[in-house]
Each structure stands twice: as structure tokens, then as C-alpha cells.
Amino acid sequence: MKHFLFSILFAGFVAANPLSLFAQAKYQYKIDLTKATDHTLQVELLTPEINHPSIEYFFPAIVPGTYSISDYGRFVHNLKAFDKTGKELTVEHKNVNSWKIDHAQQLYKITYVVEDTWHTKISENAIYPMGGTNIELNKQYVINTPGFFGYFDKLEKLPFDVEFQKPAGFYGSTALTPSISTKTTDLFQLKNVHELYDSPIMYCKPDTVSVNLGRTQVLVSVYSPDKRVEAAILAKTMGNLLTATQTYLGGKLPVKKYAFLYSFNDEVNPKEVMGALEHSYSSFYAFPQINEAKVKSMVVDMSAHEFFHIITPLAISSKEIREFNYQQPILSKHLWLYEGSTEYDAHHVQVKAGITTVSKFFKELTSKIIKSKKEFKDTLAFTVMSKEVATTYADQYPNVYLKGALINACLDIYLLHLSKGRYGLMELKHDLGIKFGGGKYFEDDQLFDEIAALSFPEIKDFLNKYVAGKAPIPYTEFFAMAGVSYHDYFKREVNSIGNISITSLGGSKVNIVNASKMDAFGKLMQYKLMDELVQINNIDVNTDNYMEVIETVKRKIKQGDTLTVVVKRKNDSGEMKEVKLSAPVSSLREIEEERYKMLLMEENELTPSQHLVRDSWLKSNCY
């Protein structure tokens, strides 16, 4: 409808296009963080002009990335509406997330109190802490925006001004750039409610590090009251991962700024839950206070997963994601893509970059197979589960990180197989991003056709059978395409290195933990219980590679070779000293029996196709 018709068609146009009348209007929010009391904050909204007799004001029932009902309205209290003179207007609390305001043409201001979710006494349907809110006066404020700010019905696309009064010395860590920032005030201006809800902010005394990756600025922000974890340590820990991710994505990241917001706070609630919630340009992490060693083991995989969400669903998503309905969402069928491919990428990038070993990567995949088969419905179509994941199949949601990742591992291998190693999952996602990036979206029912058009007809058959269908994935068949042997049950005979049990007991040590069945060769080597392994045949042994080293040695040594093992053990004075153990390899063999085992096939067993696919899938020089 053209602008010159406004005066003629005013009445009808209001009903059909309420937003167009308020193109210059906006929401103006104010919160004074210095006035928090009992884990609550007062929120003030100067409202856009409303030209309707009544209007509904909403808080979201659900937000993207959570796939569960949150009902943020539960934590909003004492909501009042006023006209310009300060006269209170009639407000009806219609349901948990909705307030109806009468005489809305006179509406000027709304005030209410927000209770944080970390300290609430509401125990039913608890909000995960990474999607929740924390209000601790002069300590920390976790501003997951859906928990603080509402919107009017049909006015989601209006801009938002959000102003914070902050304590002295506090910094608001976020991917947003403030329009105004002083020692006491920050003003953020957002295009619409979708950008607002996509932008968490963490206020605390600053501990931040900024890292540049090409044209992308990466912010690492940490809140750790006892300083057990520091931003500089985390940034250093993640350095290789971020560089590897940049390379994995073709050398350029699709965002100009990204923020990792880490909270290590024992106030986290529910206390048994910790984790992260992704956003387009940031991710928020909620942990109790933990030590540095635990941080390194937990945070890298989790951060890699969240960081890869800059591809899905930021650059690739359906209409259901792009135009999210916060009250009654229609969920997408493609969690296998949004969460599954992201989880797979987070681990695959690490093996491609040499951050982790092939053995550990295989262990991660087999662990997902075991859990997926034992704990979830393997014959439930993934598309069906995705559509109803917030209700009927809520208990199946964790499988998106298990079978969802495995779907993508097999899809990646199958693409590489069909393309002779030239076109894998990352290339497919790159092409999908070109077609559906920049605010565009695909239709949920057409995604498989779009993927087939960009790749191969056989890929549509794969997706229909194993994603939209009920058929369990034949992992042995797909991993074999990459020269990898996989079996649910595995038994083989290998050369003996002593028939001893070796494992890591935590920390950085690898020890002999059981020598009760040690064979004659083990006795010849003179192993002792709790020997700490240092080297095997001149290869340094550590917690990351010991399984792979032992597996390789058992496969390759033969009778008459010399096995040399350097261990640390206590001498007569109780001091740890290195001892070299050596003996010629005997004819003794060991029987290995394992379930859910993945192994690299021997080079001389590979077909040219398997060789090509395996190199493209696992080797770092095949980016």
C-alpha cells in the first residue's frame, strides 16, 4: 500500500498493518542496576504510541536455542501501566506471559519488577541457568534479555532502546556495541525484538580479552569471584581452536564480532545443570566455580559447539527460525542440521587441526553411538522429533548432540565418497549459506531438495531414509567409505606388549593399573604396577595419545623386534626416576574384545576411493 493512501484508508490500514503506523516509534527501556534488592530489579518502559483501545504485552514462552518452554512471564511481578499524567491504567494478567492493557491509546509508561531465575523459589519447569538471569547487587548481573524485556502484540519489529545505569567500575560484556557508554550508563539500540533476544549481556567488574581473527573481533569475558579462572587463560586455551575454526570455515568468519561470556559462579541454579546457550554473535556459559584444569577439559568442546552456530542457524535457517513466534512457536524439522551438524563440526575441526587425535575423535563418535542407542529411540524419525521436541519428544532432545552429530559424520563421509574427496559437509553448508544467508530462509519441507540440488541425488535418499525415516544408520557401511573399521562388537588377535592394563587416572599421567594377568613377555619387560609411562618405542606418551600409540605399536611390532618402554617409578629412596625397559618381542599374542570400536584400516587394505575420502575427512592438509 502506498503512503499517499494513508489518509483515505486509515481505519482499515491500522488493523491490517499496525506496525507501519509506528515506523518512527520505539521501545525505550531503563534499568538501574545499582538499585537491585533481593535479587530483583525494577524495569521501566516508555512505550511506543498505541492507536488501539487495548493491547497485549508479552514475555516469551520459548526462545530459539532452548527447545523447551521457559515462560519468562513467571518472573515478572507487579506490572503497572500509566498515562502521561501518571494515572494508572487497567491491566489484566491474562496468562503467565501476557498482560492486557485497556485504554492503550493513553499508554505512556509500563513498570514492573523482574525476579532472577537463579535465586527464585519457583522450582517447577526450571529455566536452565545459561538461559536464565542473575541479579547480585554490585557483583554480577546476567542479562539474558528475554527474562527482562517484553514486547507488544504485532509490534515485534519496532526498534528498542535499552539503557542501563551501572555500578562504578562495571562493564557490560556483549556482542552489541553501545550507542552511548559512560562510567555510569550504557545505551544499546536494537533493530527489533529478535535482535534484542539474541543479545545477552553480562555486567560485572571486567576481566576481558579481545582477540582478532582476520576481520573478526572475538571477546572473551569471564566472571569468576575467586579468580580461579581468568579471561587471559581461557583466551589462550581457545586460541588454537579459534584459529582452526577460521581455517575450517575457509579462512574467513561470517561475523565481525563475537563474544564468549563465561560465568563461573556458585550461585548458578539449578546447581545440577551447567552449560551454554548459543546466539548469533555470542554465547553465554553458566558454570559453578571450577579449577583451571577442569575448565580446559570442559570449555573447549562446548565453546567450539556454540561458536559454530555462526553458520547454523545464523547463516542457514528455515522460516520457523527466521520469524520465530515466542508465544506459540512452530518448530523446524531440522535440528539435525542446527544442533547436530554444529556438534559434529565442533569435534571434527579439532581432529582436522591436530588439536585432538584421531583416536580421541573416534572415541567421541563411538561414545555418541553407545549413548544414542542405549538411551534414546533409534527408530524415531529425527524430523518428527524436531517438530515436537518442546512437548511430545522433550525427553529425546539430548539425542540431537548424539545421533544428530552422527548423522552429520556419515553425511560428511558420504558426500566426500560421492565427490571423490572434493565436496564435504562444510562445502555444502557454505553453499547453503550463500543461498539462504542475509536474512533469507529455506522452506522446511524443501530443504532436502535444496541439498540434493547442491550436491547429489543420493544425498536426498540418505536424508529421507535416515533423517526423515525410521531406519537406523548402518555406521559400519558409512565409516568403511573412509577407510575406518567400525563394529558394535570387535574381537581381534594382536601382538602382546605384556597383557597389562594401562589407563589415565586423571591429570597428566598414564599408568599401569593392573598387572595381575601379565604374560611371560610382560615379566621379561619387568613392568611394575603403577609404573608411569613416559615413552613407547621413542614416542612420548600422554593422556591424549596413549591409546593411539599403544594400538599402533600392537599392530606393527612383530616377533624379533625390540620393544622399549620408558617408565617412571619410585627408587629405594622414594624418588620418581625414569627407568628404561626393553626386550625382544615374543610370539605371544593378546585377544582384544571390545564393543563399539572404530579403527583405521591398514594402508595396504584401502581402495583408492577409501584413501581419498579418509585423507579428506581426517587430514589437516586437506582443508
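Read-outs throughout are calculated quantities, based only on the coordinates presented, and are distinct from any laboratory measurement. Because the structure is a prediction, the values reported are computed rather than measured. We place every Cβ from the backbone using ideal geometry, glycine too, and count neighbours over all the protein chains shown.
Comparing 58, 469, 328 along the charge dipole axis of the chain, the residue lying farthest to the positive side is 469, per the Cβ-charge model.
Each Cα pair under 8 Å and six or more residues apart adds its sequence gap; the mean of these over the residue count of the chain is a relative contact order of 10 percent.
Sort segment 14-128 into rounded, prolate or oblate with this rule: let a ≥ b ≥ c be the square roots of the eigenvalues of the Cα gyration tensor; rounded if a/c is under 1.5, and if a/c is not under 1.5, prolate when a/b is larger than b/c, oblate otherwise. Prolate, because a/c is 1.5 or more and a/b exceeds b/c.
For the chain, the dipole from Cβ point charges (+1 on Lys and Arg, -1 on Asp and Glu) about the Cα centre works out to 880 debye, to the nearest 20.
Overall form of segment 207-295: prolate. Here a/c, set by the Cα gyration tensor axes a ≥ b ≥ c, is 1.5 or more, and a/b is the larger of a/b and b/c. Each principal axis of the Cα cloud of segment 382-500 was taken in turn, and the coordinate range along them, longest first, works out to 61, 39, 24 Å. How about residue 271: which lysines have a C-alpha closer than 18 Å to its C-alpha, ignoring those fewer than 8 places off in the same chain? Result set, ordered by chain and number: 121, 294. With a threshold of 18 Å on the Cα-Cα distance, the over-threshold entries among 554/597; 360/528; 205/227 are 360/528. Close amide H pairs (under 5 Å, H built 1.01 Å from N) link residue 564 with 537, residues at least 5 positions away or on another chain. Hull volume per residue, based on the alpha-carbon atoms of segment 19-205 and their convex hull, is 117 Å³. Size descriptors for segment 497-587: radius of gyration and Dmax over Cα atoms are 12.5, 38 Å.
Exposure proxy shown here: for 598, 547, 130, the number of other Cβ atoms within 10 Å sets the order, fewest to most, as 547, 598, 130. Each Lys and Arg contributes +1 and each Asp and Glu -1, all at the Cβ; summed about the Cα centre of segment 433-520, the dipole is approximately 480 debye.
Relative contact order for segment 207-295: 30 percent, from Cα pairs under 8 Å spaced at least 6 residues apart, divided by residue count. Taking volume of the Cα convex hull per residue in Å³ as the quantity of interest, determine which of (i) 181; (ii) 243; (iii) 223 was computed from the displayed structure. Label of the calculated value: (i). Need the list of lysines near residue 420 for cross-linking: C-alpha distance under 16 angstrom, and skip anything on the same chain fewer than eight residues off. Residue 420 reaches 619.
For segment 415-548, the relative contact order comes to 13 percent (Cα pairs under 8 Å, sequence separation of at least 6).
Rounded, prolate or oblate: which one fits segment 533-575, using the alpha carbon gyration tensor with axes a ≥ b ≥ c (rounded when a/c is under 1.5, else prolate when a/b beats b/c, else oblate)? Note, shape of segment 533-575 comes out oblate. Projecting the Cα positions of 502, 557, 185 onto the charge dipole of the chain (unit charges on Cβ atoms of Lys, Arg, Asp and Glu, taken about the Cα centre) puts 557 furthest along the positive direction. Selection among 524, 539, 576 by position relative to the dipole of segment 497-587 gives 524 as farthest towards the positive end (Cβ unit charges, Cα centre). Dipole size of segment 382-507 about its Cα centre, with +1 on Lys/Arg Cβ and -1 on Asp/Glu Cβ: approximately 300 debye, rounded to the nearest 20. With θ taken as phi - 60° and the Karplus curve 6.51 cos²θ - 1.76 cosθ + 1.60 applied, the whole-hertz 3J(HN,Hα) list for segment 575-586 is 8, 7, 10, 7, 10, 9, 10, 8, 6, x, 5, 8 Hz, x standing for glycine and proline.
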